[in-house]
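Scroll down for the structure; my scribbles are underneath it.
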Amino acid sequence: MKNKLKEIYFRNRKTLISVLSVTLIVIAIINIYFVLEVRVTSNDECLWNPEKVSKDSTGLVFRIVKVKGVTWNAGIRDGDVLLSINGVQAKSANIAQVTLNNVKSGDYADYVVQKLDGRIVQTKVYVKKLIKFGDLAGTLTALIWILVGFVVLTAKPDGKIQKLFYLIGVAAVLGNMGSIFPDFYLEYTQSERAIYPIIAFFWALGVAYAPFIVVYFFWRFPYPFRFTENKWLKRFFFFSPLVIFLFIFTVITLYFGFQSVDRSVYFFALGIIGLLSAIANVTAWISLMIHYFRIKDKIDRKPILIILLTFTLGILASVYTSFIAPLITDTVFNSPEFYTPIILVVLVPISFAYSIFKYQLMDVSVVLRNAITYASATVALAAIYFLIIYVLGQTISEAIGTEYRGVIAGIVFILFAIVFQSTKDKFQDFLTEKFYPEQFAYQKVLLKFSKEIASLVGHEKILDSITDTFVSSLQSKKFGLMVRDEKKDSLILVRKVGFIRENIEITKSDIISVIDQKTIMKLNPVIDQNDFLTVFPIEGSLLIDEQIFTVVPMVVKSKVIGLLLFGLKHSGSQFAGKDLDLLVGVANQAAVSIENARLYESEAHKLKIERDLDLARKIQQGLLPKCIPQMNGLDICGQMIPAMQVGGDYFDLIQVSPSKIFIAVGDVSGKGLAASLYMTKLQTMMQLTCKETITPKQVLIEVNKKLFETLDRSSFITMTLALFDTDTRTVKICRAGHMPLITSKNGSIESLVTGGIGLGMEKGEIFERTLDEYEIKFTHNQLFAFFSDGITEAMNEKRELYGEERLVSIFNSQKELQSSELMDKIWQSLDSFRGKAQPNDDMTMVIVKVK
């Protein structure tokens, strides 16, 4: 469900952005209207101070009457008392201001005033209107910012820095909805009281989040600080303004909606907003200053310098208006012109707009310029063709007559469509060559490369061709090529030009999810520098330090084969627009070629290994007993079947005299080539140690000492060793941690279990103490079966075990057979049981039948 909603959002994202932006622009215009027309304050160029005018009463006393001002010209002086305005008694400053605000600018208000000498006089005062320049600056800034932000986000909807820039505009528009609120001293109606909580919600949201968004934007613009991707920081920048929002919203709602909050609490909330805004602006200014001095290239510094200068001017204007203007003027009512410099903050979004379009910041101007140029040229070409076809059609119609005019019009317009479509592409190529020669050169070189790479053979040749194309042909000063190392499961830098570091290895990335998201959004799967720390959380900062701006993944079937790393183009600009389309196309072809070359080399290597393993299997099989010793009274058969080409199971038949023979069956831990090498070493030791005068226990003790010194500590060998003596008709058996052997005698089956641990696990003392050897007499037709756990633990397709019971059942039912025939029956039973399941372990068995 979540993915479905996300897909719907990405599919309709441009429409949603447009609708939201239009709504915000309308709100911004309404904010400006309220500042200029609705919330303006009538100004009589003086102050009314509530003071005691007699023992028992207070009144509004005129103070700081501006000389030559409208009140002065009406004959009013400091110390006079205001009694009424337009017939409304001035009981309080609130009532007097509301009454005066109802008078239009340029009209006169009737003042009744008590003079200092006690006379009551009536006079007319010319009314001026005072615009709040701070509110005007804020609303204009918000409007310009949301307009520029809309263009920026439309150009690159998935860009993180573009989203942050747009969010500043959103927060600014919402934060300036405070201009709709009435001044705290004004009365307001019941209907106004009902709607203010709704406005307060959006206003509080804007003023709470705006400072945090501004700081986070300038921490990432033009290049992100490394700490900005910390999860705790992101949580802080989300939840802190949320708490502030809830507090401010509650205060404003209670104050305007129900008047149940003291005015001091209201002013405290406004103070928090002002303090946060000041801290955010200073922090942003310092961050931008740091970024500016970190940039070494003079060309890259230019747009940042423009923004920095206007930002500095805006901060100075704010400081002047807040602190200096009140000191050099008596009141804003008398000297409003001293407060106008605050309008200079409007230059900040204007400087952003200029830098964005002039210097291609945030990948905007290239996209728009190309779109406008191509669209205009295409429309012009279509108009020319249409005019030609129209004139041609009219001429033919007049020549032939009006009877066939409809048919002729149809033929002409079909002809127009065919010719226009074929010519349009050539015309756009012509425009690209004339107006964008660098892009045209890229197209030619990359198209040629696309044709040639398919015919290249060999992994290194393909990598060299890719590097040569971008470095030599396209004159890229900064280029890197990374390919996947299958063993490390990481991306390794294998080709580079202009890099400071010798080696870069990307061990962790989120490339596939980014590609999937961009595919849903129908965008090129290109990773911009602003997203490096998100996509490459560990090595992203290294790529930024190397001044890599664009990363194009090479992907085959949702598997990242490698990365193409690009700095700036030869012209100094970043790859964008059509350039990215070409790079993605080349990356896709390069990925297929690299993967094919890797698969070819892997297959060749695999074939070589298989040949080597086949040879090793033949050698190992050659080391096993080739023929069964002819022992009087014993019928012996042995066989080993490896799970792979070579195995770690072992058996040997070592005849030490005409009447004595050692039967050895062992199992090296693990399987495959390593186990087979230990098996070969074990066989050599056994054949050197087994003598006529030595017992199985003595052999195992001696072999264990040698193996402990040579075996890897993670490896060990289990073994059962038996010495058959046909003269005494006895068998001595010793077991070093191996499977119990099975013996069948007179129709009864018995498992012979003795103590002992595996060879090579312990140096000697414990091994000798736990090792048991016992001797038994054997009789006519008695069977002895020595085997490895690969037989009893063989599994079928249902992952069921073969088990010892099935083995015992064969011995009971087929005990009259010769040892070799009995062995064949066991292998047949195993094959039938396993079905299509592959062998999961080596299988070894030696059968001794007493004649």
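Taking the criterion of being of a type in the set (Phe, Trp, Tyr) and either in contact (Cβ under 8 Å) with a residue 60 or more places away in the chain or under 17 Å from LYS129 (Cβ atoms) (or both), the only residue of the range 320-337 that qualifies is PHE333.
Taking only the range 794-828 into account, find how many residues are acidic (Asp, Glu) and part of a loop (DSSP other than H, G, I, E, B). Give the steps one after another, and end with the answer.
Taking the range 794-828 first, the residues acidic (Asp, Glu) are 797, 800, 804-805, 816, 821, 824.
This time we only want the ones that are part of a loop (DSSP other than H, G, I, E, B), so: 797, 800, 816.
The qualifying residues number 3.
Inside the range 682-697, can you point out the residues that are buried (at least 17 other Cβ atoms within 10 Å of the Cβ) and over 55 Å from the mean Cα position of the chain (by Cα)? Walk me through it before giving the result.
Our first condition is that a residue be buried (at least 17 other Cβ atoms within 10 Å of the Cβ); within the range 682-697, this holds for 682-683, 685-686, 689-690, 696-697.
Listed by number, the residues that qualify are GLN683, MET685, MET686, THR689, CYS690, PRO696, LYS697.
Looking only at residues of the range 702-759 that are closer than 18 Å to LYS681 by Cβ and among the aromatic types (Phe, Trp, Tyr), we find that the one that is least open to solvent (accessible area, probe 1.4 Å) is PHE708.
Out of all the residues in the range 828-845, is one or more of a type in the set (Val, Ile, Thr), open to solvent by less than 70 Å² (accessible area, probe 1.4 Å) and closer than 30 Å to ASP712 by Cβ? Yes, some residue in the range 828-845 is of a type in the set (Val, Ile, Thr), open to solvent by less than 70 Å² (accessible area, probe 1.4 Å) and closer than 30 Å to ASP712 by Cβ. Does VAL65 satisfy the criteria of being closer than 28 Å to PHE181 by Cα and in a loop (DSSP other than H, G, I, E, B)? Answer is no for this residue. Within the range 638-669, the set of residues being open to solvent by less than 50 Å² (accessible area, probe 1.4 Å), at pLDDT below 90 and part of a loop (DSSP other than H, G, I, E, B) comprises PRO642, ALA643, VAL646, GLY647, GLY648, SER669. Restricting attention to the range 97-141 and to residues that are open to solvent by less than 40 Å² (accessible area, probe 1.4 Å), under 12 Å from THR41 (Cα atoms) and of a type outside the set (Val, Ile, Thr), the residue that is nearest to the chain's Cα centre (by Cα) turns out to be LEU130.
Screening GLU709, GLU762, GLU768 for residues that are assigned to a loop (DSSP other than H, G, I, E, B) and on the phi < 0 side of the Ramachandran plot leaves exactly one candidate, GLU762.
Per-residue answers, yes or no, for (1) more than 30 Å from LEU807 (Cα to Cα); (2) without any contact (Cβ under 8 Å) to a residue 24 or more places away in the chain; (3) aliphatic (A, V, I, L, M):
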position: ALA675; (1), (2), (3): no, no, yes
position: THR689; (1), (2), (3): yes, yes, no
position: ILE694; (1), (2), (3): yes, yes, yes
position: GLU702; (1), (2), (3): yes, yes, no
position: LYS705; (1), (2), (3): yes, no, no
position: ALA736; (1), (2), (3): no, no, yes
position: LEU741; (1), (2), (3): no, no, yes
position: SER744; (1), (2), (3): no, no, no
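If you go through the range 282-316 and pick out every residue that is touching a residue at least 12 places away in the same chain (Cβ under 8 Å) and among the basic types (Lys, Arg), you end up with 2. Of the residues making up the range 737-749, those that are under 14 Å from ASP789 (Cα atoms) and part of a strand (DSSP E or B) are GLY737, LEU741, ILE742. For the range 275-293, the set of residues classified as surrounded by 12 or more Cβ atoms within 10 Å (Cβ to Cβ) and not aliphatic (A, V, I, L, M) consists of SER277, ASN281, THR283, TRP285, SER287, HIS291, TYR292, listed by residue number. Within the range 203-234, the set of residues being in a helix (DSSP H, G or I), in contact (Cβ under 8 Å) with a residue 12 or more places away in the chain and under 30 Å from GLU539 (Cβ atoms) comprises PHE212, ILE213, VAL214, VAL215, TYR216, PHE217, PHE218, TRP219, ARG220, ARG226, THR228, GLU229. Within the range 85-96, residues that are touching a residue at least 40 places away in the same chain (Cβ under 8 Å) sit with their Cβ atoms under 6 Å from residues that are surrounded by 14 or more Cβ atoms within 10 Å (Cβ to Cβ) and β-branched (Val, Ile, Thr), at 6+ positions apart or across chains, in these pairs: ALA96/ILE85.
The values are calculated or read from the model by the stated rules, or taken from the named source; none is laboratory data. Since we're looking at a predicted model, the values are computed, not measured. Every residue, glycine among them, receives a Cβ derived from its backbone with ideal geometry; neighbour counts consider all protein chains shown. What goes into the accessible areas is simple: the full protein's heavy atoms, side chains included, and nothing from ligands, DNA or RNA. Shrake-Rupley method; radii C 1.70, N 1.55, O 1.52, S 1.80 Å.
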